[in-house]
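Q: Let me give you the structure first, and then I'll get to my questions.
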Amino acid sequence: MRAPAALARWGCDPATSRGRRHPEPRAGTRSEFQRDRDRIVHCTAFRRLEYKTQVFVNHEGDLFRTRLTHSIEVAQIGRSIGRNLGLNEDLIEAIALAHDLGHTPFGHAGQDALHACMHGHGGFEHNLQSLRVVDELEQRYAAFDGLNLCFETREGILKHCRQEDARALGELGERFLLRRQPSLEAQVANLADEIAYNNHDIDDGLRSGLLRIGQLDRIELFAAHRRTVERLHPGITGRRLVHETIRRMIDDLVVDLLAESRRRVDAAAVASPDEVRAAPPLVAFSPAMRERSAQLKRFLHAGLYRHPRVDETMDRARAVVRRLFDAYAADPSRLPGEHRERVQAIGLRAIADYIAGMTDRFALREHARLTGEPPPRLSCADATD
Ligand code: MG
């Protein structure tokens, strides 16, 4: 890794940001992207990430990733990549720390259930919800709702978007209609997310006992680095073998991404962030690494995310979300005062916002309160050391 690089022509300069929706005087001691990062770190939704599921239900064990530790890992990997590409590290960090703020309790199962509940009412999508959190739902500032982040941070948070949602988002939605790219900082945060979860899900999968190390020998990326580790450290086993292998995988992915992205940036000869937005995607793995990464993803999908034990747990989690939604929709007086008022103002969306904001354990407590039933068993891991 090189020393911190100066901002390249293709990086986002906070001094020329497209600005905030509500104009504010500039911060005296920080750049505008640092200020965004700080606003995110201090917001309520950020603290709740600590108690939200990544793959495993939050209370399963103290050593599994949560959405909070995942977001920190994404920021770390993203900053390393960004520094080497001459990008704005603060912007990457802000995007990384905010990218999962809209996640429901119980991970993707929670989102699927909420999406089904909102059928006919605009659906529910966690990425769009992350934007909603920073644009509207946080209530901290006297002059505006949300965190009033810079355009570039909001652009990076919104990774994907349906056409009908994009049309409602004005300037921010435009790129999905015009099929343009976001800044390189946003592209880096997106791939840092993929690198982080593919690798930490292997680690958590092994720790949980749902994956066995022998299964991973079918995965090229894992097997090659495992062989290297065993050659360098004969007799190595257990946690050290897993970690030594995974750290080499992350390094391999990052080094490949840097080489391919530099090649693409040079070939496209982009001279500004706006030229980046008009170019094809410039942050990418080489074709060979893309295939190795896809193989790993397919393995995790079939072997971990769709593991029968995970599936069963997630079925029960979906039922919790569905019953919470139905209970609040049938009788909004069960909601706390301000949320009850929001139901009157904006309908079922207020219930989706309230449920999406819950942590895993709060959702379970509410479920017990509203149904009078004991909490469902939500546990899929064997080992929780
Ligand atoms: Mg993520």
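What follows draws every value from the coordinates through simple rules; no lab data is involved. On a predicted model such as this, the values are computed, not experimentally measured, just so you know. Cβ atoms come from the backbone with ideal geometry, glycine included; neighbour counts cover every protein chain shown.
Q: For the chain, with only Lys/Arg (+1) and Asp/Glu (-1) charged at the beta-carbon, what is the dipole magnitude about the Cα centre, in debye rounded to 20?
A: Value, rounded to 20: 340 debye.
Q: If you don't mind, another one. Please report how far the C-alpha centroid of the range 230-265 lies from that of the range 309-356, rounded to the nearest whole angstrom.
A: With the range 230-265 and the range 309-356 each reduced to a Cα centre, they are spaced 42 Å.
Q: Suppose the chain between GLN163 and ASP274 were pulled fully straight at 0.36 nm per residue; how much longer would it get relative to their current alpha carbon spacing?
A: Full extension of this stretch gives 37.8 nm more.
Q: Here is a further query. When SER71, SER286, SER17 are ordered from fewest to most other Cβ atoms inside 10 Å of their Cβ, what list results?
A: Starting with the residue having the fewest Cβ neighbours, the order is SER286, SER17, SER71.
Q: Here's another thing I want to ask about it. What spacing in nm lies between the two simple spin-label points modelled at HIS301 and PHE151, each 7 Å away from Cα in the Cβ direction?
A: Each label point lies 7 Å from its Cα, and together they span 3.6 nm.
Q: A follow-up question, please. Mind checking the full-extension length gain between ARG263 and ARG240? Use 0.36 nm per residue of separation minus the Cα-Cα distance, one decimal, nm.
A: Here the answer is 4.8 nm.
Q: Right, something else. Pull out a ≥ b ≥ c, the square roots of the eigenvalues of the alpha-carbon gyration tensor of the range 128-213, then state rounded if a/c is under 1.5, prolate if not and a/b is larger than b/c, and oblate in the remaining case.
A: prolate
Q: Then there's this: Find which of LEU241, VAL255, MET289 sits farthest along the positive direction of the dipole of the range 228-385, computed with +1 on the beta-carbon of Lys and Arg, -1 on that of Asp and Glu, about the Cα centre.
A: It is LEU241.
Q: If we count chymotrypsin sites (Phe, Trp or Tyr not before Pro) as exposed when they sit in a DSSP loop and have at most 16 other beta carbons within 10 Å, what is the longest stretch of the chain that avoids them all?
A: Between exposed loop sites, the widest span is 145-385.
Q: ARG334 to ALA288: FRET efficiency via 1/(1 + (r/R0)^6), r the Cβ-Cβ distance, R0 51 Å, to the nearest 0.05?
A: Taking R0 as 51 Å, the efficiency between ARG334 and ALA288 is 0.40.
Q: Another question about this same structure. Averaged across orientations, what area in nm² does the convex hull of the alpha carbons in the range 31-309 project?
A: Over all viewing directions, the range 31-309 projects a mean Cα-hull area of 15.9 nm².
Q: Most exposed first by the Cβ proxy, i.e. fewest other Cβ within 10 Å, how do THR29, THR104, THR44 rank?
A: Fewest-to-most ranking of THR29, THR104, THR44: THR29, THR44, THR104.
Q: Then there's this: Return the FRET efficiency for the residue pair HIS115, ARG140: r is the Cβ-Cβ distance, R0 is 35 Å, and the value is rounded to the nearest 0.05.
A: 0.80
Q: Rounded to the nearest 0.05, what FRET efficiency do THR16 and LEU63 give with R0 = 30 Å and r taken as the Cβ-Cβ distance? Could you check?
A: Taking R0 as 30 Å, the efficiency between THR16 and LEU63 is 0.10.
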